[in-house]
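The values are calculated or read from the model by the stated rules, or taken from the named source; none is laboratory data. Please read all numbers here as calculations on a predicted model, not as lab measurements. Cβ sites come from the backbone with ideal geometry, for glycine too, and all protein chains shown count toward neighbours.
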Amino acid sequence: MNEPKEAKEAGLRQTAARTAESAERTARVRFLLDVIHRAALHHGLWFTEVRHQLGLRGALETLDAAWKRSLDLQLHRLARLLGFELQEGLPRPLLEMEDAAFDQLLEGLCANWLAGDGVWFQAVEFAHGMNDAKRCNDSVWAQFAPLEAWSIKRLLGLPERPGLEGLKQALAWRIYARINVQSCSQEGPNRLVFRMEECRVQSARKRKGLPDYPCKSAGLVEYTYFARAIDERIVTECIGCPPDPHPGGWYCAWRFTLSEGG
């Protein structure tokens, strides 16, 4: 028996209404995610402009004050909206999360950071070529490495000049340390050797049968600026980094020496 015309039309209207509602919800979710994206960009632009106007030291001092206040405001608002409790200013669900689940979450966030770095590199490379991508990449590391060092010193409460022991601690708290395999060894009281034994980027290229990515120019900037920001007396030397040949046990290695003249 054929369905009455009125019933068919009512069914079509309901389907259209559900489709429109779904499309509206999808648009709202995309807007929410874009708000998060814009807020992150605005945060970064504030830091960039304060650094331009007041210098790096002034920008870091301002960032310290702004981030503490901003984090407190954001967590309290999200706690009210999402219905979770705070304990000592931190989300209770994160404090009570099982170690394995927490480590998985942390590793995922670190992997997302690295993926975002690669996406930016490729976006420049595909539009403007490898030379411009590497030039931008090296410049970004010149800015990010000391910022990450400052953040870690603040997180660990390291003194102004923590020496090689402070550098060793800081290297273990870099984002890279959660997604790569690295090691440190002493070469006497004033020398520390750091090796990146497994590199997520290079290992992926190896699995695909590709040669090492030549990251030495970025590494020279990254490790020099990071070590100097931990303690300005530390001098950085590259032992080997692609395109340099290297043994199977590591992809890049760096020697850090504490200058006696500091």
Criterion violated by L56 - all others in (1) at pLDDT 95 or above; (2) surrounded by 12 or more Cβ atoms within 10 Å (Cβ to Cβ) satisfied: (1)
Can you work out which of the residues in region 123-146 that are among the polar types (S, T, N, Q) and closer than 15 Å to Y213 by Cβ is surrounded by the fewest Cβ atoms within 10 Å (Cβ to Cβ)? N131
Restricting attention to region 85-143, report how many residues are more than 30 Å from L75 (Cβ to Cβ) and in the same structural domain as T48 (by TED's automatic domain parsing). 0
Would you mind finding the one in E187, E222 that is of a type outside the set (S, T, Y) and modelled with pLDDT of 95 or more? E222
Return a yes/no flag: does region 101-117 have any residue that is more than 28 Å from S70 (Cα to Cα) and loosely packed, with under 12 Cβ neighbours inside 10 Å. no
